[in-house]
Amino acid sequence: MNPGTPELSGQDLSGQGVVVTGAGRGIGAALARAFAAAGARVVVNDLDAAAAAAVAKECGGVAAPGDAAGEQGVAALVAQAREALGEIDVWCANAGVAPTGGADAPAAAWALAWEVNVLAHVRAADLLLPRWLERGSGRFVATVSAAGLLTSLGSAPYAVSKHGALAFAEWLAATYRHRGLRVHAVCPQGVRTDMLSSTGAMGEILLAPTAIEAEEVAGAVLAGLRDERFLILPHPEVAEYYTHRATDPDRWLGGMNKLQRALEKGGAA
């Protein structure tokens, strides 16, 4: 059992078939290890075939390298996972991208963020729902990020697409909960991964001071499944920020703009 990975009691994962996308490193790799440690049978997906194979070997899972966002890639992954697992009980839509920029970001960056951070979830759910609804059970775990609840200074494509990922997860839960579908939105702030490193000075100032390890996120996910919580917040303080945003948006936006001005003054923007 990895540090930060609690045993499940309310939700037994023993023998469950779990797919984790973007699992070659970071949060995805930690999720794959945590699910395997809890007794699940895991399919490890990543664009990096060598990374997927290494994590799969480590956790006794099956490597399924390839695209987890495009229509053909998602269909191929679902088919391969079903062949390996028989049934897919839990789908972790974890793969994500974080292009920088604002309204001036290249069209390709906006398209990629939408494709990977939102449409990958939609396409997977489209293929998984018929069987899940027929049998009356299934779990969809979306790695959304606190950016989906709040925003992400420095990256409009990331903030907007993560809001979309949260909206889709909410829609799934509201529409199919009574038919046995359980949906979980994982919303951490900074996590010590390659993605955080790639954000440069902005990420160092905004996220690094409170960043946690990927294993802590995985532990929070298993606890969230155990407690049947939709919103999983590895950084508990995000709940307070989210409340401020909802109840006093003008004040919250003013605070965020103040932070933006401080970042620009400090040369991080």
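Summary of values
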{"quantity": "Whole-number Å³ per residue for the convex hull built on Cα positions in the chain", "calculated": "121 Å³"}
{"quantity": "Inter-label distance for Val122 and Lys265, nm, one decimal - labels placed 7 Å from Cα along Cα-to-Cβ", "calculated": "4.2 nm"}
{"quantity": "Highest-fluctuation residue, Lys162, Lys258, Lys57 considered, GNM on the chain with Cα pairs under 10 Å", "calculated": "Lys258"}
{"quantity": "Surface share of carbon and sulfur [accessible, 1.4 angstrom probe, percent] for the chain", "calculated": "54 percent"}
{"quantity": "GNM top mover of Cys59, Cys187, Cys92 - the chain, alpha-carbon springs below 10 Å", "calculated": "Cys59"}
{"quantity": "Rounded FRET efficiency, nearest 0.05, which uses the C-beta distance separating Glu87 from Ala49 and R0 of 25 Å", "calculated": "0.50"}
{"quantity": "The chain, accessible area per residue, ligands and nucleic acids excluded (1.4 Å, Å²)", "calculated": "45 Å²"}
{"quantity": "Between helix 49-59 and the chain: long-axis angle, C-alpha atoms, 0 to 90°, nearest 10", "calculated": "60 degrees"}
{"quantity": "Within the chain, helix-based [θ] at 222 nm, where runs of 4 or more DSSP H residues each add -39,500 (n - 2.57), nearest 500", "calculated": "-16000 deg cm²/dmol"}
{"quantity": "Folded to 0 to 90 degrees: helix 237-247 orientation relative to the chain principal axis, Cα", "calculated": "60 degrees"}
{"quantity": "Cβ-defined net charge surrounding Leu77, 12 Å radius [Lys, Arg +1; Asp, Glu -1]", "calculated": "-2"}
{"quantity": "Percent RCO, i.e. relative contact order, over the stretch 40-102, from Cα pairs under 8 Å lying at least 6 residues apart", "calculated": "27 percent"}
{"quantity": "Nearest 10 degrees, 0 to 90: helix 156-176 Cα axis against the chain principal axis", "calculated": "40 degrees"}
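The values are calculated or read from the model by the stated rules, or taken from the named source; none is laboratory data. Remember, it's a predicted structure, so these values are computed and weren't measured experimentally. In this analysis, Cβ positions are derived from the backbone assuming ideal geometry, glycine residues included, and neighbour counts consider all displayed protein chains. Accessible surface is based on the protein model in full, side chains and every heavy atom, while ligands, DNA and RNA are left aside. Shrake-Rupley method; radii C 1.70, N 1.55, O 1.52, S 1.80 Å.
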